[in-house]
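The values are calculated or read from the model by the stated rules, or taken from the named source; none is laboratory data. All values derive from a computational prediction rather than experimental measurement. Reconstructed Cβ throughout: ideal geometry from the backbone, glycine too, with neighbour counts over all protein chains shown. Surface accessibility is based on the protein's heavy atoms, side chains included, excluding ligands, DNA and RNA. Shrake-Rupley method; radii C 1.70, N 1.55, O 1.52, S 1.80 Å.
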There are 2 protein chains.
Amino acid sequence: MVRKDCPIENTLKLINGKWKSVIIYQISTHGPCHFSELQKLIPDCSKRLLALQLKDLEKAGIIQKQVYSEVPLKTEYTLTEVGESLIPIIKSINQWGEKYTKN
Amino acid sequence: MVRKDCPIENTLKLINGKWKSVIIYQISTHGPCHFSELQKLIPDCSKRLLALQLKDLEKAGIIQKQVYSEVPLKTEYTLTEVGESLIPIIKSINQWGEKYTKN
DNA sequence: CGGCATCCATCAAGATACTG
DNA sequence: CAGTATCTTGATGGATGCCG
């Protein structure tokens, strides 16, 4: 649908998509996270959606997934370098939101 | 659906929504814009959608609309102060996109 | 524990036509 | 010129259940 180069939209497509930005934010402040940790940190995001968003983020090269084939299963999500480079932006968005949006 | 305070999501809801960020970006670089100018600047955004997004942005207090009741009709969209405060963020998002997304 | 599959409701967005 | 109205469809997200 989008034909033209549009860096803004390209970027926003990556970090939007409901909760993606929050996931990045949480991993960046909280450190590497397990799936269940993210569930606790973002309780309003359903399990299904969380999994979908994580997959998208992984495909986009923003986060990395390490699977430890233990029992019980354990995974760990970390930011890639690309993901890290997004942190300043995510933080400034967060700050702007704190200042200009009241909830 | 979103219960918890979430400044990031609040902010992204404002600037995302397909083309909103681009509209802000265009007005910020191009200066005050008429409806038809925005159409030319963002040809992939349909007329209908453009109108909707402009209305949302106006409601959010990010842009202002001046209507000149001449014939033919003329309107002009400008950024509010709140809108201006978003520019640094929009620009950094744009720069990030230029660097990290290839289209 | 960390998901995926399925079904379903909702919604966002395109196409087209019409108006002050 | 600057929109609005209507209709339709594809994508999004919730709920639930299953599986390694």
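Here the sum of -39500 (n - 2.57) over DSSP H runs of 4 or more residues, divided by the residues of the protein assembly as shown, equals -18000 deg cm²/dmol at 222 nm, to the nearest 500.
Buried accessible surface for the A/B pair, both sides summed and rounded to the nearest 100, is 3500 Å² with a 1.4 Å probe. Legend: mean number of C-beta atoms from other chains within 10 angstrom of residue C-beta atoms, peptide B:11-22, equals 6.
Computed from Cα positions, the angle between helix A:47-59 and the longest principal axis of chain A comes to roughly 70 degrees. In the range B:82-103, which residues have a backbone nitrogen under 16 Å from the label point lying 7 Å from B:Asp44's Cα in the Cα-to-Cβ direction? Within reach of a label on B:Asp44, which here means backbone N under 16 Å from a point 7 Å along Cα→Cβ, the range B:82-103 contributes B:94-95, B:97-103. For each pair in A:Lys13/A:Lys74; B:Lys13/B:Lys59; A:Lys91/B:Lys55; A:Lys99/B:Lys74, compute the distance between the two Cα atoms and list the pairs where it is over 24 Å. With Cα atoms farther than 24 Å apart: A:Lys13/A:Lys74; A:Lys91/B:Lys55; A:Lys99/B:Lys74. For chain B, the percent of C-alpha pairs falling in each 5 Å distance bin, counted from 0 to the bin holding the largest distance, reads 2, 12, 22, 24, 19, 12, 6, 3, 1, 0. Across peptide A:88-101, the mean count of Cβ atoms from other chains lying within 10 Å of each residue's own Cβ comes to 6. Label-point distances for B:Pro72 to the equivalent site in the other copies, using a point 7 angstrom along Cα→C-beta, read 6.5 nm when ranked shortest first. Chain A has one residue whose beta-carbon comes closest to the axis relating it to chain B; that residue and its distance in whole Å are A:Asn16, 2. In the context of the full set of protein chains, residues of the protein assembly as shown present 56 Å² of accessible surface per residue (probe radius 1.4 Å, heavy atoms only). Let me know the longest stretch in chain B that avoids all trypsin sites (Lys or Arg not before Pro) found in a DSSP loop with at most 10 other C-beta atoms within 10 Å. Value returned for the longest uninterrupted segment is B:5-101.
Report the FRET efficiency, 1/(1 + (r/R0)^6), for A:Phe35 and B:Thr78, where r is their Cβ-Cβ distance and R0 is 45 Å, rounded to 0.05. Efficiency, from the Cβ-Cβ distance: 0.50.
Do any GluC sites (Glu not before Pro) in chain B lie in a loop, going by DSSP, with at most 12 other beta-carbon atoms within 10 Å of their beta carbon, and if so which?
B:Glu70
Distances between equivalent label points of B:Phe35 across the copies, with each point positioned 7 Å along Cα→Cβ, amount to 5.0 nm, shortest listed first.
If R₀ is 25 angstrom, what is the calculated FRET efficiency for the pair B:Glu98 and A:Lys59, using the beta carbon separation as r and rounding to 0.05? Between B:Glu98 and A:Lys59 the formula returns 0.75. The fraction of accessible area contributed by carbon and sulfur in chain B is 52 percent, rounded to a whole number (1.4 Å probe; ligands and nucleic acids excluded).
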